[in-house]
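Chemist: The structure under discussion is supplied below as structure tokens; questions concerning it will follow.
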Amino acid sequence: MRPERRLLFFVAAAAGFAAFLVWGLTGLPAFGHYRGPYGYLIDRLTVHYTHATGLVSAVNFFFRGFDTVGEEFILFVAATGLATVMRGLREEENEVSGGEAVSAGVSVPRTSDGVRTLALLLTGPTLLIGWWLTTHAQTDPSGGFQGGAVMATAVVLIYLAGEYLKLRRADPIVVTDSVEAVGAAGFAIVGLFGLVAGGTYLAEVLPLGKHIGAVNAGGTIPLISLCVGVEVMAAFLLVVSEFLGQTLVLKGALDS
Amino acid sequence: MSLFPYLVAAWIALVGLYGLVTSRHLVHQILCLVVLQSSTYVLLLAVGFKTGGIAPYFSDVSGRPVTVDPVVQALVLTDIVVEVAVTSLLLGLAVRAHRRFGSVDPEELRQLRG
């Protein structure tokens, strides 16, 4: 279909879609007039059941913890899928150009000293913020998903400050693969402990902590958050490494 | 005015859809999908808002405070995670498509048919 005709078709379809969408939206409760039991129930039940004061994490890691296991594995599967797609490509490249020659013949422009200094300065604070986010799911607006992403950023800053090519020789992909698997399995295993000790998957088996809203409150919530943080960090690093590796392969292919 | 946040969500969805349909670059197209999906964040958060509700984090539990719905906020978190997963996978496929067809213009990917 030609672009102009397609646009015309889209405008007609979108107008109809928009009309139905707005019609449907007018049927929702007015903004600010929340209806439905769950929000109020979580307000009342969270502190009693978990001693945690961060309700969003309590929902994610306690009330619908089983869903979050699935959510975590979506990320795991996507990272694995990306690795499969990209590594197949890299192997093809290596066959064409004879392996080592690809990365050896690349002239990567030097990172400027300003960028390196800034990246080094930011690495420590970024890692600290990521760690804080990962370990404070039970009390603060944080959790493993956010913390993992920030911790991965710290490692990317290290890549930026140094030579990714040199770091790659240590083959971080093998390490990140393993760490990702440990993080993903950790969450599932915490659930299995609940099954053995408490009778249901992800049952609360750890002491809730004496003080409501303390760092050690929340039972399994901090532990699950930590597992998720490790998994997310490794998954992000895996994705970043795959794309960075791809850039080098492409550059090598262009040069040869 | 009570409809306004919902209309914002609908607008973001339609803008993303427009970009998706008219895009001439695979990476741009993937970003349009991200825009389309971010409309769901606005919609979910708007549905869960209570007038006068505080953020769903307690510093003092004695006063029985009313918070905005934490369930939809947790769902937005899930939404974002899924979006990241899908985006990374799609970008990987875009790299593959570029290697295979030598182009990132969706119009040029004729060989995908049949």
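Chemist: For B:ILE54, list long-range residues whose amide hydrogen, built 1.01 Å from N in the peptide plane, is under 5 Å from its own amide hydrogen.
Modeler: Result for B:ILE54 returns B:VAL66, B:THR67, B:VAL68.
Chemist: Tell me, what does the Kirkwood hydrodynamic radius of the protein assembly as shown come to in angstroms if you use every pair of distinct C-alpha atoms?
Modeler: 23.1 Å
Chemist: For region A:27-66 and region B:8-83, compute the distance between their C-alpha centroids and round to whole Å.
Modeler: Cα centroid of region A:27-66 versus Cα centroid of region B:8-83: 17 Å apart.
Chemist: At 0.36 nm per residue, and after removing the present C-alpha to C-alpha distance, how many nm does the segment from A:ARG87 to A:ASP113 gain when stretched out fully?
Modeler: Value of the extension gain: 6.2 nm.
Chemist: I'd like the interface area for chains A and B: accessible area of each alone minus the complex, both sides summed, 1.4 Å probe, protein heavy atoms only. What is it in Å² to the nearest 100? Working shown, then result.
Modeler: Numbers: alone 15340 and 8260 Å², together 18930 Å².
Separately minus together, A and B give about 4700 Å² buried.
Chemist: How large is Rg over Rh for region B:4-112, taking Rg from the Cα atoms and Rh as the Kirkwood inverse mean of 1/r across Cα pairs?
Modeler: 1.17
Chemist: How large is the dipole of chain B about the Cα centre if only Lys and Arg carry +1 and Asp and Glu carry -1, each at its Cβ, rounded to the nearest 20 debye?
Modeler: Once rounded to the nearest 20, the dipole reads 360 debye.
Chemist: Short version: what are the Cα gyration tensor semi-axes of region B:65-114, square root of 5 times each eigenvalue, largest first, in whole Å?
Modeler: Equivalent-ellipsoid dimensions as semi-axes: 39, 10, 7 Å.
Chemist: Please state the charge dipole magnitude for the protein assembly as shown, taken about the Cα centre, from unit charges on C-beta atoms (+1 on K and R, -1 on D and E), reported in debye and rounded to the nearest 20.
Modeler: 640 debye
The values are calculated or read from the model by the stated rules, or taken from the named source; none is laboratory data. Worth saying up front: this structure is predicted, and the values here are computed from it rather than measured. Cβ atoms come from the backbone with ideal geometry, glycine included; neighbour counts cover every protein chain shown. Accessible surface is based on the protein model in full, side chains and every heavy atom, while ligands, DNA and RNA are left aside. Shrake-Rupley method; radii C 1.70, N 1.55, O 1.52, S 1.80 Å.
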